[in-house]
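To start, the structure under review is shown below, and the notes come after it.
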Amino acid sequence: MKSPFSLVLFADNIQPKVKITGKIERHQNLLNLEYRLDGASQIIIPQIATSPTRQYNLWSHTCFEFFLGLKGSNKYWEFNLSPAEHWNVFRFDSYRQDIAEELAFVTLPFQVLLQKDVLSLNLNVNLDKIVAAEQNLEVGITTVIENREQQLSYWALSHPQKEADFHHRDSFLIDL
């Protein structure tokens, strides 16, 4: 079953005129995540790289992110997907603790498409290397947007804290 989503802007933040929606689904351990960003002309979109690679600090510019948490555990992963097709995955043992680059992935299979004023990103990834197919997951879906004035805004399923915090488990609202 597909779970549709719509991201909301963090309350005290710069507001570009965009709308971020999508859907996520999991079949066994195959995860499909689709983002749709309407209003792409309002933001800075990095050019697609000729050789996309694993990189750090992708969230300092427009970046699509999602978080997978093991239900009943503090452990979770952060996935960063740049419209330039650079990527990274980090593993945490608990809230913002014991961060490590997740080396189980040597690439992330996602595609970026820009048509008129719509940016689409579609990821299909097998999670077998990090979780068992029967393991229940809690998912947080987020995006960092860089507007034309190079200001960042933060978008998520919810913002349960006084500051934008994508790592807070109360914002992992989708169960898979």
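The values are calculated or read from the model by the stated rules, or taken from the named source; none is laboratory data. A quick note: this is a predicted structure, and the numbers were derived from the prediction, not measured. Methodologically, a virtual Cβ is constructed for each residue, glycine included, from the backbone with ideal geometry; neighbour enumeration extends over all protein chains shown. Just the protein is used for accessible areas: all its heavy atoms, side chains included, with ligands, DNA and RNA removed. Shrake-Rupley method; radii C 1.70, N 1.55, O 1.52, S 1.80 Å.
A few notes on this one:
- Members of segment 66-107 found to be outside any loop (DSSP other than H, G, I, E, B), surrounded by fewer than 20 Cβ atoms within 10 Å (Cβ to Cβ) and of a type in the set (Asp, Glu), listed by number: GLU101
- Cβ pairs under 6 Å, 6+ apart, first in segment 95-115 and closer than 24 Å to ARG36 by Cα, second aromatic (Phe, Trp, Tyr): LEU108/TRP87
- For ALA84, the stated conditions do not hold, so it cannot be described as under 20 Å from VAL139 (Cα atoms) and among the small types (Gly, Ala, Ser).
- Within segment 30-65, tally of residues that are free of Cβ contacts under 8 Å to residues at least 60 places away in the same chain, in a loop (DSSP other than H, G, I, E, B) and open to solvent by less than 30 Å² (accessible area, probe 1.4 Å): 1
- Filtered residues of segment 126-156 (kept if open to solvent by 10 Å² or more (accessible area, probe 1.4 Å), in contact with a strand residue (DSSP E or B) (Cβ under 6 Å, 6 or more places away or on another chain) and aliphatic (A, V, I, L, M)): LEU152
- Filtered by the rule that a residue be open to solvent by 20 Å² or more (accessible area, probe 1.4 Å) and in a strand (DSSP E or B), segment 1-21 gives SER3, PRO4, SER6, VAL8, LEU9, LYS19, THR21.
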